[in-house]
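The values are calculated or read from the model by the stated rules, or taken from the named source; none is laboratory data. Since the model is a prediction, treat every value here as computed from it, not as a measurement. Counting neighbours? That spans all protein chains shown, and the Cβs are built from the backbone with ideal geometry, glycine included. Ligands, DNA and RNA are excluded from the accessible area calculation, which covers all protein heavy atoms including side chains. Shrake-Rupley method; radii C 1.70, N 1.55, O 1.52, S 1.80 Å.
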Amino acid sequence: MNALAEIVFVLTQRRPRRSAAATLVRRWRIAEFFTARAVALFLLAISAVAGSGRSAWAQDAQGPLTPAPSEEHKVRRLGTEPEAPAPPSLPSDEIIRRFSAKEDQFLAARPGYGYRKTIRIDEFGEDGKPAGQFLMVTETTRAANGQVINKVVQKPQSTLHYFNLETEDVKELDRVPAFPLTSSQLVKYDLKYIGQEQVDEIDCYIFKVKPKALDRVHAYLDGLVWVDTKYVEVVKTYGRWVNELGDVRSATLPFTLFETYRENVDGKYWFPNYERSDDTLHLKDVSVPVRLVIKWTEFKVLPTMAPAAAPSASAKPQL
(Lines give C-alpha, C1' and ligand atoms only; values in the text may rest on other atoms or scores of the structure.)
Protein backbone atom coordinates (compact mmCIF):
# COMPACT_ATOMS: atom_id res chain seq x y z
CA MET A 1 0.00 0.00 0.00
CA ASN A 2 1.60 3.31 -1.06
CA ALA A 3 1.57 6.43 1.18
CA LEU A 4 -1.42 8.10 -0.53
CA ALA A 5 -3.52 4.94 -0.41
CA GLU A 6 -2.63 4.46 3.25
CA ILE A 7 -3.79 8.00 4.08
CA VAL A 8 -7.09 7.47 2.22
CA PHE A 9 -7.54 4.15 4.04
CA VAL A 10 -7.10 5.82 7.45
CA LEU A 11 -9.53 8.63 6.62
CA THR A 12 -12.28 6.32 5.39
CA GLN A 13 -12.28 3.83 8.25
CA ARG A 14 -15.32 3.86 10.54
CA ARG A 15 -14.43 3.54 14.17
CA PRO A 16 -16.64 2.67 17.14
CA ARG A 17 -17.88 5.48 19.34
CA ARG A 18 -15.38 6.71 21.89
CA SER A 19 -15.58 8.52 25.21
CA ALA A 20 -14.75 12.25 25.46
CA ALA A 21 -11.24 11.58 26.81
CA ALA A 22 -10.54 8.93 24.15
CA THR A 23 -11.62 11.34 21.42
CA LEU A 24 -9.08 13.94 22.57
CA VAL A 25 -6.29 11.33 22.47
CA ARG A 26 -7.42 10.12 19.03
CA ARG A 27 -7.23 13.63 17.57
CA TRP A 28 -3.64 14.04 18.71
CA ARG A 29 -2.62 10.63 17.36
CA ILE A 30 -4.11 11.40 13.93
CA ALA A 31 -2.21 14.71 13.83
CA GLU A 32 1.00 12.91 14.83
CA PHE A 33 0.45 10.30 12.08
CA PHE A 34 0.11 12.90 9.31
CA THR A 35 3.13 14.84 10.60
CA ALA A 36 5.27 11.72 10.43
CA ARG A 37 3.94 10.83 6.98
CA ALA A 38 4.63 14.32 5.62
CA VAL A 39 8.21 14.23 6.91
CA ALA A 40 8.78 10.83 5.32
CA LEU A 41 7.44 11.90 1.93
CA PHE A 42 9.54 15.08 1.97
CA LEU A 43 12.73 13.18 2.73
CA LEU A 44 11.99 10.57 0.07
CA ALA A 45 11.61 13.38 -2.48
CA ILE A 46 15.00 14.82 -1.48
CA SER A 47 16.53 11.38 -1.78
CA ALA A 48 15.16 10.92 -5.31
CA VAL A 49 16.57 14.27 -6.48
CA ALA A 50 19.96 13.96 -4.82
CA GLY A 51 20.56 10.45 -6.12
CA SER A 52 21.38 7.15 -4.54
CA GLY A 53 24.59 8.52 -3.01
CA ARG A 54 22.56 10.61 -0.55
CA SER A 55 19.79 8.13 0.22
CA ALA A 56 21.45 7.02 3.44
CA TRP A 57 21.66 10.68 4.59
CA ALA A 58 17.95 11.12 3.93
CA GLN A 59 17.08 8.06 6.02
CA ASP A 60 19.28 9.18 8.92
CA ALA A 61 17.82 12.69 8.80
CA GLN A 62 14.34 11.37 9.64
CA GLY A 63 15.35 10.22 13.09
CA PRO A 64 12.81 9.78 15.88
CA LEU A 65 10.04 12.37 15.99
CA THR A 66 9.99 14.78 18.91
CA PRO A 67 7.57 13.42 21.52
CA ALA A 68 4.21 15.18 21.61
CA PRO A 69 3.30 17.22 24.67
CA SER A 70 1.15 15.35 27.16
CA GLU A 71 -2.41 15.04 25.88
CA GLU A 72 -3.59 15.46 29.45
CA HIS A 73 -2.45 19.09 29.26
CA LYS A 74 -3.87 19.91 25.87
CA VAL A 75 -7.33 21.32 25.18
CA ARG A 76 -9.13 21.80 21.87
CA ARG A 77 -9.94 25.41 21.12
CA LEU A 78 -12.64 26.52 18.72
CA GLY A 79 -11.79 27.99 15.34
CA THR A 80 -13.47 30.87 13.59
CA GLU A 81 -17.07 30.63 12.47
CA PRO A 82 -17.35 28.84 9.10
CA GLU A 83 -18.51 30.93 6.17
CA ALA A 84 -21.82 30.27 4.38
CA PRO A 85 -22.58 26.82 5.87
CA ALA A 86 -24.93 24.55 3.98
CA PRO A 87 -28.45 24.71 5.43
CA PRO A 88 -29.43 21.91 7.83
CA SER A 89 -31.77 19.14 6.73
CA LEU A 90 -34.44 20.59 9.03
CA PRO A 91 -35.32 24.30 9.36
CA SER A 92 -33.24 25.88 12.13
CA ASP A 93 -36.32 26.98 14.06
CA GLU A 94 -37.64 23.41 14.07
CA ILE A 95 -34.31 22.02 15.32
CA ILE A 96 -34.27 24.58 18.13
CA ARG A 97 -37.89 23.84 19.07
CA ARG A 98 -37.22 20.09 19.21
CA PHE A 99 -34.00 20.14 21.21
CA SER A 100 -35.36 22.69 23.72
CA ALA A 101 -38.34 20.38 24.33
CA LYS A 102 -35.87 17.55 25.01
CA GLU A 103 -33.98 19.83 27.41
CA ASP A 104 -37.24 20.27 29.33
CA GLN A 105 -37.47 16.48 29.67
CA PHE A 106 -33.85 16.12 30.79
CA LEU A 107 -34.20 18.91 33.35
CA ALA A 108 -37.31 17.27 34.82
CA ALA A 109 -35.76 13.79 34.89
CA ARG A 110 -32.35 14.51 36.38
CA PRO A 111 -33.51 15.10 40.00
CA GLY A 112 -34.77 11.52 39.96
CA TYR A 113 -31.26 10.16 39.40
CA GLY A 114 -28.37 9.63 41.75
CA TYR A 115 -24.75 9.72 40.58
CA ARG A 116 -21.15 10.01 41.70
CA LYS A 117 -19.36 13.29 41.01
CA THR A 118 -15.57 13.60 40.92
CA ILE A 119 -13.98 17.06 40.95
CA ARG A 120 -10.29 17.31 40.13
CA ILE A 121 -8.14 20.43 39.87
CA ASP A 122 -4.55 20.15 38.62
CA GLU A 123 -1.65 22.59 38.70
CA PHE A 124 1.09 22.18 36.08
CA GLY A 125 4.78 22.98 36.36
CA GLU A 126 7.06 24.58 33.78
CA ASP A 127 7.68 21.15 32.24
CA GLY A 128 3.95 20.72 31.54
CA LYS A 129 3.63 17.89 34.06
CA PRO A 130 1.16 17.87 36.97
CA ALA A 131 2.70 19.50 40.05
CA GLY A 132 -0.25 19.49 42.44
CA GLN A 133 -3.81 18.22 42.63
CA PHE A 134 -7.10 18.67 44.47
CA LEU A 135 -9.55 15.75 44.45
CA MET A 136 -13.02 15.38 45.94
CA VAL A 137 -15.76 12.80 45.33
CA THR A 138 -19.41 13.27 46.24
CA GLU A 139 -22.50 11.15 45.75
CA THR A 140 -26.09 12.23 45.17
CA THR A 141 -28.47 9.86 46.92
CA ARG A 142 -31.74 9.71 48.85
CA ALA A 143 -31.54 9.81 52.63
CA ALA A 144 -33.75 7.75 54.95
CA ASN A 145 -36.06 10.73 55.46
CA GLY A 146 -36.68 10.94 51.71
CA GLN A 147 -34.55 14.02 51.10
CA VAL A 148 -32.11 13.99 48.15
CA ILE A 149 -28.66 14.85 49.50
CA ASN A 150 -25.09 15.25 48.28
CA LYS A 151 -22.68 13.51 50.60
CA VAL A 152 -18.89 13.49 50.48
CA VAL A 153 -17.65 9.94 49.91
CA GLN A 154 -13.98 10.84 49.51
CA LYS A 155 -12.78 13.72 51.63
CA PRO A 156 -10.94 16.48 49.78
CA GLN A 157 -7.29 15.67 49.23
CA SER A 158 -4.95 18.42 48.10
CA THR A 159 -1.31 18.76 47.11
CA LEU A 160 -1.89 22.12 45.43
CA HIS A 161 0.76 24.79 45.94
CA TYR A 162 -1.17 27.91 44.93
CA PHE A 163 -4.73 27.10 46.05
CA ASN A 164 -6.12 26.52 49.50
CA LEU A 165 -9.48 25.02 48.61
CA GLU A 166 -12.30 23.94 50.89
CA THR A 167 -15.47 22.02 50.10
CA GLU A 168 -17.48 25.23 49.95
CA ASP A 169 -15.18 26.69 47.30
CA VAL A 170 -15.91 23.98 44.73
CA LYS A 171 -19.65 24.07 45.48
CA GLU A 172 -19.72 27.39 43.64
CA LEU A 173 -19.26 25.40 40.42
CA ASP A 174 -22.87 24.21 40.84
CA ARG A 175 -24.02 27.68 39.78
CA VAL A 176 -23.49 26.63 36.15
CA PRO A 177 -26.84 25.37 34.73
CA ALA A 178 -26.81 21.81 33.43
CA PHE A 179 -29.54 22.51 30.83
CA PRO A 180 -29.41 26.18 29.79
CA LEU A 181 -31.58 26.03 26.66
CA THR A 182 -34.94 24.83 27.89
CA SER A 183 -38.02 26.09 26.07
CA SER A 184 -38.68 28.74 28.73
CA GLN A 185 -35.14 30.12 28.30
CA LEU A 186 -35.10 30.38 24.49
CA VAL A 187 -36.61 33.85 24.50
CA LYS A 188 -33.46 35.07 26.27
CA TYR A 189 -31.07 33.87 23.53
CA ASP A 190 -30.15 34.42 19.91
CA LEU A 191 -29.26 31.11 18.23
CA LYS A 192 -27.60 30.84 14.81
CA TYR A 193 -26.87 27.69 12.83
CA ILE A 194 -23.20 27.65 11.78
CA GLY A 195 -22.51 24.16 10.41
CA GLN A 196 -22.10 20.47 11.21
CA GLU A 197 -19.46 18.34 12.95
CA GLN A 198 -19.06 14.92 14.50
CA VAL A 199 -18.85 14.51 18.28
CA ASP A 200 -17.82 11.00 19.37
CA GLU A 201 -18.91 9.66 15.95
CA ILE A 202 -22.32 11.39 16.24
CA ASP A 203 -23.30 13.75 13.41
CA CYS A 204 -24.25 17.09 14.95
CA TYR A 205 -25.66 20.48 14.04
CA ILE A 206 -23.72 23.37 15.60
CA PHE A 207 -25.48 26.47 16.89
CA LYS A 208 -23.90 29.66 18.11
CA VAL A 209 -25.58 30.84 21.31
CA LYS A 210 -25.63 34.45 22.49
CA PRO A 211 -27.71 35.92 25.34
CA LYS A 212 -29.96 38.81 24.31
CA ALA A 213 -29.85 40.55 27.69
CA LEU A 214 -28.19 39.94 31.04
CA ASP A 215 -29.12 40.33 34.69
CA ARG A 216 -27.19 39.93 37.93
CA VAL A 217 -28.94 36.80 39.18
CA HIS A 218 -28.78 34.24 36.39
CA ALA A 219 -25.89 32.70 34.45
CA TYR A 220 -26.27 32.64 30.64
CA LEU A 221 -24.35 30.58 28.09
CA ASP A 222 -22.25 32.48 25.56
CA GLY A 223 -20.81 29.86 23.22
CA LEU A 224 -21.82 26.85 21.12
CA VAL A 225 -24.05 23.79 21.35
CA TRP A 226 -23.83 20.55 19.37
CA VAL A 227 -27.16 18.86 18.56
CA ASP A 228 -27.50 15.24 17.41
CA THR A 229 -28.87 15.33 13.82
CA LYS A 230 -30.82 12.07 14.23
CA TYR A 231 -32.60 12.50 17.55
CA VAL A 232 -32.23 16.31 17.82
CA GLU A 233 -30.76 16.34 21.34
CA VAL A 234 -27.93 18.44 22.80
CA VAL A 235 -24.81 16.29 23.25
CA LYS A 236 -22.16 18.94 23.95
CA THR A 237 -21.78 22.58 24.99
CA TYR A 238 -18.79 24.91 24.96
CA GLY A 239 -18.45 28.48 26.14
CA ARG A 240 -18.46 30.86 29.05
CA TRP A 241 -21.21 31.66 31.54
CA VAL A 242 -21.94 35.35 31.91
CA ASN A 243 -24.22 37.76 33.73
CA GLU A 244 -24.50 41.53 34.00
CA LEU A 245 -21.31 41.66 36.06
CA GLY A 246 -19.21 39.67 33.57
CA ASP A 247 -17.98 36.08 33.65
CA VAL A 248 -19.61 33.87 36.26
CA ARG A 249 -16.74 32.34 38.21
CA SER A 250 -15.70 31.19 41.63
CA ALA A 251 -14.04 33.73 43.90
CA THR A 252 -11.06 31.38 44.30
CA LEU A 253 -10.94 29.64 40.91
CA PRO A 254 -9.95 31.23 37.56
CA PHE A 255 -12.00 29.00 35.23
CA THR A 256 -14.35 30.70 32.77
CA LEU A 257 -14.49 28.54 29.59
CA PHE A 258 -16.15 25.14 29.95
CA GLU A 259 -16.38 22.23 27.50
CA THR A 260 -19.13 19.81 28.56
CA TYR A 261 -19.93 16.41 27.05
CA ARG A 262 -23.06 14.42 27.76
CA GLU A 263 -23.88 10.74 28.20
CA ASN A 264 -27.02 8.93 27.17
CA VAL A 265 -28.66 7.52 30.31
CA ASP A 266 -31.22 4.73 30.13
CA GLY A 267 -31.51 5.26 26.38
CA LYS A 268 -33.60 8.42 26.72
CA TYR A 269 -31.81 11.21 28.63
CA TRP A 270 -28.61 13.09 27.82
CA PHE A 271 -26.99 14.16 31.11
CA PRO A 272 -23.61 15.94 31.50
CA ASN A 273 -20.90 13.38 32.30
CA TYR A 274 -17.60 15.18 31.57
CA GLU A 275 -16.66 18.84 31.93
CA ARG A 276 -13.26 20.43 31.44
CA SER A 277 -11.76 23.90 31.68
CA ASP A 278 -8.14 25.03 31.20
CA ASP A 279 -6.94 28.38 32.45
CA THR A 280 -3.97 30.18 34.00
CA LEU A 281 -3.69 31.42 37.56
CA HIS A 282 -1.87 34.74 37.43
CA LEU A 283 -0.04 35.53 40.66
CA LYS A 284 2.42 38.28 41.54
CA ASP A 285 5.58 36.42 40.56
CA VAL A 286 4.33 33.41 38.61
CA SER A 287 1.64 32.24 36.18
CA VAL A 288 0.43 28.71 36.83
CA PRO A 289 -1.48 26.61 34.22
CA VAL A 290 -4.44 24.92 35.90
CA ARG A 291 -7.12 22.50 34.81
CA LEU A 292 -10.55 21.58 36.12
CA VAL A 293 -12.15 18.22 35.29
CA ILE A 294 -15.57 17.17 36.58
CA LYS A 295 -16.94 13.68 35.94
CA TRP A 296 -20.44 12.37 36.63
CA THR A 297 -20.65 8.56 36.75
CA GLU A 298 -22.81 5.69 38.04
CA PHE A 299 -26.17 7.21 37.12
CA LYS A 300 -29.04 5.32 38.69
CA VAL A 301 -32.69 5.98 39.43
CA LEU A 302 -33.19 7.06 43.03
CA PRO A 303 -35.52 4.85 45.07
CA THR A 304 -38.96 6.28 45.73
CA MET A 305 -40.17 6.77 49.26
CA ALA A 306 -42.76 4.28 50.48
CA PRO A 307 -45.89 6.01 51.82
CA ALA A 308 -46.09 6.19 55.59
CA ALA A 309 -48.21 3.40 57.09
CA ALA A 310 -51.64 4.52 58.31
CA PRO A 311 -52.36 3.88 62.01
CA SER A 312 -54.40 0.75 62.70
CA ALA A 313 -58.10 1.35 63.35
CA SER A 314 -58.01 -1.11 66.27
CA ALA A 315 -55.10 0.61 67.98
CA LYS A 316 -56.03 2.05 71.36
CA PRO A 317 -55.30 5.73 71.93
CA GLN A 318 -52.49 6.59 74.30
CA LEU A 319 -53.61 8.12 77.60
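A Cα-only calculation for region 126-245 places Rg and Dmax at 18.7, 51 Å.
For region 132-239, the per residue solvent-accessible surface stands at 50 Å², with DNA, RNA and ligands left out and a 1.4 Å probe. For region 112-128, the residues whose backbone nitrogen is under 16 Å from a point 7 Å from the Cα of D266, taken along Cα to Cβ, are 112-116.
Against the empirical 2.2 N^0.38 Å (N residues), region 181-262 has a Cα radius of gyration ratio of 1.15.
Accessible area of K192 (1.4 Å probe, protein heavy atoms only, ligands and nucleic acids ignored): about 110 Å². Here is the P(r) of region 97-136: all C-alpha pair distances, binned every 5 Å from 0, give 6, 17, 13, 11, 9, 11, 9, 13, 9, 2 in whole percents. Among residues other than R98 with Cβ under 14 Å from its Cβ, the summed charge is -3 (Lys and Arg +1, Asp and Glu -1).
Straight-line cross-link partners of K295 among the lysines, defined as a Cα under 19 Å from its Cα and at least 8 positions apart when in the same chain: K74, K117, K151, K155, K171, K236. Computed over protein heavy atoms with a 1.4 Å probe, the carbon and sulfur contribution to the accessible area of region 112-235 reaches 46%.
Scale the Cα Rg of region 157-306 by the rule-of-thumb value 2.2 N^0.38 Å and send over the ratio, two decimals.
Dividing the Cα radius of gyration by 2.2 N^0.38 Å gives 1.17.
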